[in-house]
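Student: Here it is, the structure, as structure tokens.
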Amino acid sequence: MNERFFNTAARKGFHWPGRILAGEGVLETWLAERGTGGLAVVADRAFAGHPLVRRAGGPQALVAREPNRDDIAAIAEDIAATPPAAILALGGGATIDAAKAVAAQLRFGTLDIRDRPRGAILPQLVAAPTTAGSGSETSRFFIAADPVTGIKVSTRSWSIVPDLTLLDPLLLKGSGAPRLLLGAFDAAMHLWETHIARGERSPFTDALAQGFLPRILAALPTLAAGAEPGGATLLALMEASAMAGVAISNVRTGLVHSLGESLAAQSPLAHPLTLRVFLRPALESYADAVRPHVAPLMHALDGAAPADAPWSVARFIAAWEQAFAALGHDDIIRAAFAARQPSAKALLATAARDTTLAKENPVPFAEGDLDRIAAAGLAAFAR
């Protein structure tokens, strides 16, 4: 399949080559049925010494940070010394990205894999996420930084979508409400922005948003109260994150992500916090234009998370703002800005490189619109 295929108004498509197994204890079940022979593990460093890692019959690599390309090469070289039949990625988005990149290096001998055919390729890649939000467990992307410049480079290919994704809520237990909220917001923005993209959205990705955004919003009151939800809700969040990863593999993200990722070049804030900065000004800038299209989604939210007033774009914004404020995340953003106030000029220069933003934003940008949206987001958290 052509890696450069994207939807247009006249031509719609949908693709995803992976499989998902979901349920409490599914990782242990899979390991018991498969066995651990020939299994390499790329795991978050928090799993050092964990029984799941110790049981693996192949090489192991622990990831302590977002990997750069030198890190990937070193891990791949270690694993290649005992070629595995499968790689198990156990961790959050950075760890799964590392495992994807290692798999690409082992399969193709390079990280330049755009347009590579998927085919029957080894080693098999299995993702067991320990977070719910990035969507790396199902997406066709990985990010690896240049070791010299530190610039993060995103690679896109269907050939590195995990062959199997294991969604086990036992891996999410104990995460705590603040961390779960950040992941839930990231997944929600993936689903939201693929739903309102002007040209690339399709009935297929619309169905993902309408089916899985309500699961996230239904969990929001519990998270905003600082409580960790039960296993069924944790699984619902994992399922929403996985489907959001599928959505962004078919439709590109939009204004919130473009500005948030541009802010990340100047700030150590976690990715969901950079998105939070631009939530209100971005969504308000196109709320009227998307209202008819998102009406079925709002109806679905009314059924899944009923409250005193019907759901709307304004209420969607407010619900997230209230949750972020309640858990202290907004204070983290303000503290980061107090230490180093981001440059709006530099942010806009980075965002301008996003050549699809103007094409896919729900409304065309008039002169100065992007400047005003960026400035409003930054000003809301300035001290």
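No lab work stands behind these numbers, since they all come straight from the coordinates. Worth saying up front: this structure is predicted, and the values here are computed from it rather than measured. Methodologically, a virtual Cβ is constructed for each residue, glycine included, from the backbone with ideal geometry; neighbour enumeration extends over all protein chains shown.
Student: Straight-line reach from Lys152: which lysines have Cα under 28 Å away, leaving out those fewer than 8 places along the same chain?
Tutor: Partners found: Lys100, Lys345, Lys359.
Student: Let me know the shape class of region 177-379, please: from the alpha-carbon gyration tensor, a ≥ b ≥ c as square roots of the eigenvalues, rounded when a/c is under 1.5, otherwise prolate if a/b is greater than b/c, or oblate.
Tutor: It is oblate, given that a/c is not under 1.5 and a/b is not larger than b/c.
Student: Continuing with this model, one more query. In what order do Thr355, Thr253 fall by count of nearby beta-carbon atoms within 10 Å, going from fewest to most?
Tutor: Neighbour counts put them in this order, fewest first: Thr355, Thr253.
Student: Separate question: Return His195, His190 ranked ascending by Cβ neighbour count within 10 Å, so the fewest neighbours appear first.
Tutor: His195, His190
Student: Moving to a separate point now. Work through the residues other than Leu301 whose Cβ is under 13 Å from its Cβ and net out their charges, Lys, Arg +1 and Asp, Glu -1.
Tutor: Cβ neighbours under 13 Å give a net charge of +1.
Student: If the only charges are +1 at each Lys and Arg Cβ and -1 at each Asp and Glu Cβ, what is the size of the charge dipole of the chain around the Cα centre, to the nearest 20 debye?
Tutor: Working: 35 positive and 36 negative charges, 90 e Å.
Roughly 440 debye, rounded to the nearest 20.
Student: When Ile143, Ile96 are ordered from fewest to most other Cβ atoms inside 10 Å of their Cβ, what list results?
Tutor: Values: Ile143 19, Ile96 31.
Placing the least packed residue first, the sequence is Ile143, Ile96.
Student: Using Cα pairs under 8 angstrom and six or more residues apart, how large is the relative contact order of the chain, in percent?
Tutor: 16
Student: Mind running the shape call on region 309-383? Use the C-alpha gyration tensor, a ≥ b ≥ c as the square roots of the eigenvalues: rounded below 1.5 for a/c, prolate if a/b tops b/c, oblate otherwise.
Tutor: Oblate.
Student: Sticking with this structure for a sec: Please report how far the C-alpha centroid of region 33-68 lies from that of region 231-291, rounded to the nearest whole angstrom.
Tutor: 29
Student: Where a ≥ b ≥ c are the square roots of the eigenvalues of the C-alpha gyration tensor, would you call region 19-171 rounded, which needs a/c under 1.5, or, failing that, prolate if a/b is larger than b/c, or oblate?
Tutor: rounded
Student: Okay, moving on. Determine the relative contact order of region 177-379: mean sequence separation of Cα pairs under 8 Å and six or more apart, normalised by residue count, in whole percent.
Tutor: About 31 percent, as a whole number.
Student: Any aspartates and glutamates with Cα under 19 Å of the Lys173 Cα? List them, leaving off those in the same chain fewer than 8 positions away.
Tutor: Lys173 reaches Glu24, Glu28, Asp44, Glu137, Asp186, Glu228, Glu239.
Student: Same structure, new question: May I ask for the distance between the Cα centers of region 105-180 and region 312-352, given as a whole number of Å?
Tutor: 27
Student: If you wrap a convex hull around the alpha carbons of region 273-352, what volume per residue comes out, as a whole number of Å³? Walk me through the numbers on the way to the answer.
Tutor: Values: hull volume 8.7 nm³, N = 80.
Taking only Cα atoms, region 273-352 has a hull volume of 109 Å³ per residue.
Student: Reachable aspartates and glutamates from Lys12, Cα under 13 Å, same-chain residues fewer than 8 places away excluded?
Tutor: Glu200, Asp206
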